[in-house]
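Enquirer: Below: one structure in structure tokens.
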Amino acid sequence: MKVAIIGASSLTGNKLIEILAKHPKADVAFAFSKNYAGQNVSSLYPENESDITYVSFDEDKIAQCDVIFSCLPHGKSMSILPMFTSPEKLIIDLGADFRIPADVFKKWYDEEHKAKKQTPATYGLSEIFAGEIKESKFIANPGCYPTTVLLALAPLLKQNIELKNIGVYSLSGRSGAGRDNAKQYATEGENVFSYKDPYNHQHIGEMEYVGSMIGAGPLKLYYFSPHVVTNIYQGMHTTLTASCELESAQSLLSIYESFYSEQPFVSVKKVSGQKLNLNSVVNKNDCLIGLDYDKVTKRLYIISIIDNLVKGASGQAIQNMNLALGFNQTLGLKS
């Protein structure tokens, strides 16, 4: 099975190359890069031992492939991917262009969509929309922050439990900022900084739109506050709080254990008395969810931990490829 990666010199493109090298059904035929054509992958990423050489964008080469991954920044895929839609090809976009309807995209990205009729594509949150993904040829991979938030809230949304004043506080390793920014932040040593307006971050639109699809009513976030930890390369730790009516912390745990019981990449634990480590998910396609609930204050507390480059991007993209092509969803992702 031939695979093409557009934007292959990005961090997510490199992670795709790394993971797909272990996939028994996939062969990266072309790794497209505008700025690094002619260079070997290992010249840009010495830790990646791939012998693949980047090539310039070529429509004819893409036409030869069965699966097309796009790792372009938001606003770039909308002009390219629609020309390759076909019943014979699987397209998976790791960018933001096709995750939400064109009008929602306009609101949150302040940009007119150039492929309105193709929005939204099938949303690739694998554990929640597996049925739709299996029938799709055009998949929009979720953002890393939305992956942590939506997996954390989905079991409650599915049961139509009313959640009030949902606050989201996230910490991301510097790789979440992209290759060039990650290099810059690495020089800052031990530092943490917030970025974006907590009421206007573009991922709010994605989280609220998809969250409303999962539940029976609209999902609204009270705030979303993302931060970058400069001395951590990859990994994402999200804390959510909300008010809701539940019987107990144990009943909350039971809801999540039942919901994710057959999902190989999601594990659920109590927060109380546990040490939930970010390192436990790095370089894995896993999501670790920690739970607690205070009956007196009626406050919900959820921790959601992933690797932003794997479960938050390239790993989930391959999980979606597996689902869409009828493979076991763990193929190439679990030994």
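The values are calculated or read from the model by the stated rules, or taken from the named source; none is laboratory data. From a predicted model like this one, the values you see are computed outputs, not experimental measurements. Using ideal geometry, Cβ is built from the backbone for each residue, glycine included, and neighbour counts are taken over all protein chains shown.
Enquirer: Please pick out the residue among Tyr256, Tyr260, Tyr223 that is closer than 30 Å to Glu188 by Cα and among the aromatic types (Phe, Trp, Tyr).
Expert: On inspection, the qualifying residue turns out to be Tyr223.
Enquirer: Can you name the residue in segment 94-144 that is hydrophobic (A, V, I, L, M, F, W, C) and touching a Gly at 6+ places or on another chain (Cβ under 7 Å) and, of all such residues, is surrounded by the fewest Cβ atoms within 10 Å (Cβ to Cβ)?
Expert: Val104
Enquirer: I'm trying to understand the selection: among the residues of segment 212-222, which are in a strand (DSSP E or B) and more than 15 Å from Leu150 (Cβ to Cβ)?
Expert: Matches in segment 212-222: Tyr222 only.
Enquirer: What are the residue pairs meeting all of these: first residue in segment 148-165, first residue more than 16 Å from Leu253 (Cα to Cα) and assigned by TED's automatic domain parsing to the domain that holds Tyr256, second residue surrounded by fewer than 22 Cβ atoms within 10 Å (Cβ to Cβ) and hydroxyl-bearing (Ser, Thr, Tyr), Cβ atoms under 8 Å, and 6 or more apart or on different chains?
Expert: Leu163/Ser243; Lys164/Ser243; Asn165/Tyr222; Asn165/Thr241; Asn165/Ser243
Here's the yes/no breakdown for (1) closer than 30 Å to Thr85 by Cα; (2) surrounded by fewer than 22 Cβ atoms within 10 Å (Cβ to Cβ); (3) in contact with a Leu (Cβ under 6 Å, 6 or more places away or on another chain); (4) not assigned by TED's automatic domain parsing to the domain that holds Phe105:
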{"position": "Gly173", "(1), (2), (3), (4)": "no, no, no, yes"}
{"position": "Ala186", "(1), (2), (3), (4)": "no, yes, no, yes"}
{"position": "Glu190", "(1), (2), (3), (4)": "no, yes, no, yes"}
{"position": "Asn200", "(1), (2), (3), (4)": "no, yes, no, yes"}
{"position": "Glu208", "(1), (2), (3), (4)": "yes, yes, yes, yes"}
{"position": "Lys220", "(1), (2), (3), (4)": "no, yes, no, yes"}
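Enquirer: Return yes when Leu252 is modelled with pLDDT of 95 or more, among the hydrophobic types (A, V, I, L, M, F, W, C), in contact with a His (Cβ under 9 Å, 6 or more places away or on another chain) and surrounded by 15 or more Cβ atoms within 10 Å (Cβ to Cβ) and no when it is not.
Expert: For Leu252, the condition - modelled with pLDDT of 95 or more, among the hydrophobic types (A, V, I, L, M, F, W, C), in contact with a His (Cβ under 9 Å, 6 or more places away or on another chain) and surrounded by 15 or more Cβ atoms within 10 Å (Cβ to Cβ) - is not met.
Enquirer: Something else now. Could you tell me which numbered condition Glu262 fails, if it satisfies all but one of (1) loosely packed, with under 14 Cβ neighbours inside 10 Å; (2) under 15 Å from the mean Cα position of the chain (by Cα)?
Expert: (2)
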